[in-house]
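Each remark here refers to the structure printed beneath this line.
The values are calculated or read from the model by the stated rules, or taken from the named source; none is laboratory data. Just so it is clear, the structure is predicted and the values come from calculations on it, not from any experiment. Cβ: placed from backbone, ideal geometry, glycine included. Neighbour counts: every protein chain shown. Heavy atoms of the whole protein, side chains included, go into the accessibility calculation; ligands, DNA and RNA do not. Shrake-Rupley method; radii C 1.70, N 1.55, O 1.52, S 1.80 Å.
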Amino acid sequence: MAVDFETEIKNLRTTMGSVREVTNVPALETQIADPEQQAAAPDLWDDPDKAQGVTSALSRANHELERINTMDARIDDLEALVELGREERDADTLAEAEEELAKVAKSVGQLEVRTLLAGEYDEREAVVTIRAGAGGVDAADFAEMLMRMYLRWAERHGYPTKVMDTSYAEEAGLKSATFEVNVPYAYGNLSVEAGTHRLVRISPFDNRGRRQTSFAAVEVIPLIESTDSIDIPDGELKIDVFRSSGPGGQSVNTTDSAVRMTHIPTGIVVSMQNEKSQIQNRAAAACVMQSRLLPAKKAEEAAERKELAGDVKASWGDQMRSYVLNPYQMVKDLRTEHETGNPSPVFDGEIDAFIEAGIRWRIEQAKSED
């Protein structure tokens, strides 16, 4: 069946018009102009905290405007390619245009989803923590599989990441791991991945070849910024220093440079061992601790408001996504019903469709609760 290029391109331009309207491009251009003037000031870095805020705001605004302008240019190029193929009556060129149409439509859809990310912290970078749950060595292996999945997702998009802490299990896999995704809106996108993930497969660690079910928890929090403010009294923090260890218990550092920071009132624990010095690990741990406490504080305030309003609603169950490798193959999100029968690309980082479905689902849930 022949592709109706005119209709498809018209729909793409309509969607981009909505994206531009929601994004408020004129305001975005103003957001770029003001920080650019501040960034040009010779005394900018006299105040490092202010300088970081200015450069971060400028980077985010430029990134958003570039995404929109680039997408508009791709649609223009697609239209020109279609016209060329028709003028030359070149089937190969039209076939190329059809392939490009599919790619552009997918990118425009992802950009449209971005406009739905309007939460307080959605534009932030993200801190992701993965912990092995029930299932023994299979759960530890599953935790490592999930970590690789998210790092591959970031790599596919060209997003920089930084592994902050890894705690290896005795036999294989990870007890836990924490890493950052350093790109605007990483939190808005990855926050829908938070929850309990389940894996069903024939265990490679079972000599009898039995099917095993294992679990891993994914936590996603926004990365704290220097402009945020949350006061943590020293008396509420317990700080322990220990020696880092790698797979199989091998020593990594020759000095006790790793830091474990515990927030006594909440029991939140942050470990950092990937920096070279104890001072650097301590600073990194303090940053992540604040990142965890800030949204927790906001959530507590929101819960109090809901309780006063008498409208406390239960969230979904513990398990939010299943990865089944035996007796059949399927990855299914139990909230959105989005699924695929090919788990291999998912574990290799192809999770955009799950993230997009999760964001749309979250928006619908919020609307139904209003």
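Points worth noting:
- Contact order normalised by residue count of the chain, Cα under 8 Å, 6+ apart, percent: 15
- Listed peptides 350-363, 122-135 appear in the order 122-135, 350-363 once ranked by packing, highest mean of other Cβ atoms within 10 Å at the front.
- The slack in the chain from Ala27 to Ser344, taken as 0.36 nm per residue of separation less the alpha-carbon distance, amounts to 109.9 nm.
- The mean accessible area for residues of the chain, using a 1.4 Å probe and ignoring ligands and nucleic acids, is 54 Å² per residue.
- Theoretical FRET efficiency, 1/(1+(r/R0)^6), r = Cβ-Cβ of Glu88 and Thr115, R0 30 Å, to 0.05: 0.20
- Model label points for Asp234 and Gln319, set 7 angstrom from Cα along the Cα-to-Cβ axis, are 4.9 nm apart.
- Among the protein heavy atoms of the stretch 1-129, carbon and sulfur supply 48% of the accessible surface, probe 1.4 Å, non-protein parts ignored.
- Using the Cβ-Cβ distance between Asp206 and Asp4 with R0 set to 51 Å, the FRET efficiency works out to roughly 0.45.
- Sequence-distant aspartates and glutamates (8 or more away, or on other chains) whose Cα lies within less than 19 Å of Lys297: Glu120, Asp122, Glu123, Glu125, Glu219, Glu225, Asp228, Asp231, Asp234, Glu236, Glu307
- Each part reduced to its alpha carbon centroid, the stretch 75-115 and the stretch 355-369 end up 29 Å apart.
- For Leu334, residues with placed amide H under 5 Å, excluding near neighbours: Arg321, Ser322
- Within the same chain, aspartates and glutamates fewer than 8 places from Lys10 are excluded, and of the rest, those with a Cα less than 13 Å from its Cα are Asp72, Asp76, Glu79.
- Residue pairs exceeding 22 angstrom between C-alpha atoms, taken from Lys162/Lys332; Lys103/Lys332; Lys162/Lys276: Lys162/Lys332; Lys103/Lys332.
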